[in-house]
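Notes follow the structure.
The values are calculated or read from the model by the stated rules, or taken from the named source; none is laboratory data. Since we're looking at a predicted model, the values are computed, not measured. No Cβ is skipped: glycine too gets one built from the backbone with ideal geometry, and neighbour counts run over all protein chains shown.
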Amino acid sequence: MCVKSRLALGLIAASVLVGNIALAAPGTKDLVKAIHEHGWFKACPRIMVDISAMKEPADRASEEWRDFVLLRAGCLAEVRRDVEAIAFLKAKLESSGRRDPNLLNFLGISQLRVGKNADAIVSFEEALESGMHEGTKKGVYSKLAAAYSKLASDGGQVVDQNRVTKAEMYAQMAVDRNASRSDPTLVAQLATIKIMKKDYDEAIRLFDQALQMNVSYPHWQSAEMRKVMEAEFTMGKGQTYYNKGDKAQGEALMNEAIEIAPTETLKTVMRAIRDTTITPISIDKMPELLSVPYVPLDEDV
């Protein structure tokens, strides 16, 4: 379900192209190549043993050391060991004195995954201030929008409009940087934030745009993945109609999303979203699958 890692390209391959990376150790070079060719999702389960056996480079100012840290932290996160990834990255950032934007980005990803949204915002914003590679900024903007959205709401009820405004700003920045790739997920994210602002007509327009883009988006690896996204965008559109006050249309679309979902697992998720839309609950009572975001390292997943 994953495609070639945009994140790996942004953090590692792009640096190779401009000559900013030194991969002296053959082991490091081979592992970077595996991530570059296969993405984190496919590569990490196969290379975790090799990463664990690698000796940390002595020169903490070197690009080789940075890539060693990226590989270990990235694969810890990919196999859902985010608490370990956070501790590892914090220790390496503190002991080295380096505020490398790529390491800060990985730290923010794991913090976002475990629900430490305020910490994730600090990490992502520092990453941007520290010279984040242009090709990676779109993903960071999108994750900042997600973190601010989480902080701004409780069980679907907006509690902080200032944070919603920040979420909208970052989501729009992600969309603006997305023109050449036409990624429908970024448009849908902006639509979701428009719901929080009660701008329902604009949210519906954006979900329609995301659904249209999804039909021809070339970066899904399978027809099933395209169906997954169609279900998600249809659910979002249904939620918008429901919150706008057209409950019959909204519920019909949410039920349609459940039917579109290609797997029983996703149907269960869709039902939970529908039910919490109709009967909002506080985030502490929300099922874990809804309260904790899935943030893939391979961003086209």
Kindly indicate whether LYS227 is farther than 22 Å from ALA146 by Cα, basic (Lys, Arg), at pLDDT 95 or above and buried (at least 17 other Cβ atoms within 10 Å of the Cβ). yes
When you go through (1) out of contact with any Leu (no Cβ under 8 Å at 6 or more places or on another chain); (2) crowded, with 20+ Cβ neighbours inside 10 Å one by one for LEU190, which number turns out not to apply? (1)
Do we find a residue being at pLDDT below 95 and closer than 26 Å to GLN161 by Cβ anywhere in region 197-204? yes
In region 197-216, which residues are in contact (Cβ under 8 Å) with a residue 12 or more places away in the chain, hydrophobic (A, V, I, L, M, F, W, C) and either in contact with a strand residue (DSSP E or B) (Cβ under 8 Å, 6 or more places away or on another chain) or over 15 Å from ASN178 (Cα atoms) (or both)? ALA203, ILE204, PHE207, LEU211
With the requirement that a residue be touching a residue at least 12 places away in the same chain (Cβ under 8 Å) and outside any helix (DSSP H, G or I), what does region 32-69 give you? MET54, GLU56, PRO57, ARG60, ALA61, SER62
Hey, any hits in region 76-99 for a residue that's among the hydroxyl-bearing types (Ser, Thr, Tyr), under 30 Å from ALA179 (Cβ atoms) and either in contact with a Cys (Cβ under 6 Å, 6 or more places away or on another chain) or not in a loop (DSSP other than H, G, I, E, B) (or both)? no
Would you call ARG177 in contact with a His (Cβ under 9 Å, 6 or more places away or on another chain) and not polar (S, T, N, Q)? no
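Each row is one residue, and each column tells you yes or no for (1) in the same structural domain as ILE204 (by TED's automatic domain parsing); (2) more than 23 Å from ASP208 (Cα to Cα); (3) modelled with pLDDT under 90.
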residue: MET254; (1), (2), (3): yes, no, no
residue: ILE273; (1), (2), (3): yes, no, no
residue: LYS285; (1), (2), (3): no, yes, yes
residue: VAL301; (1), (2), (3): no, no, yes
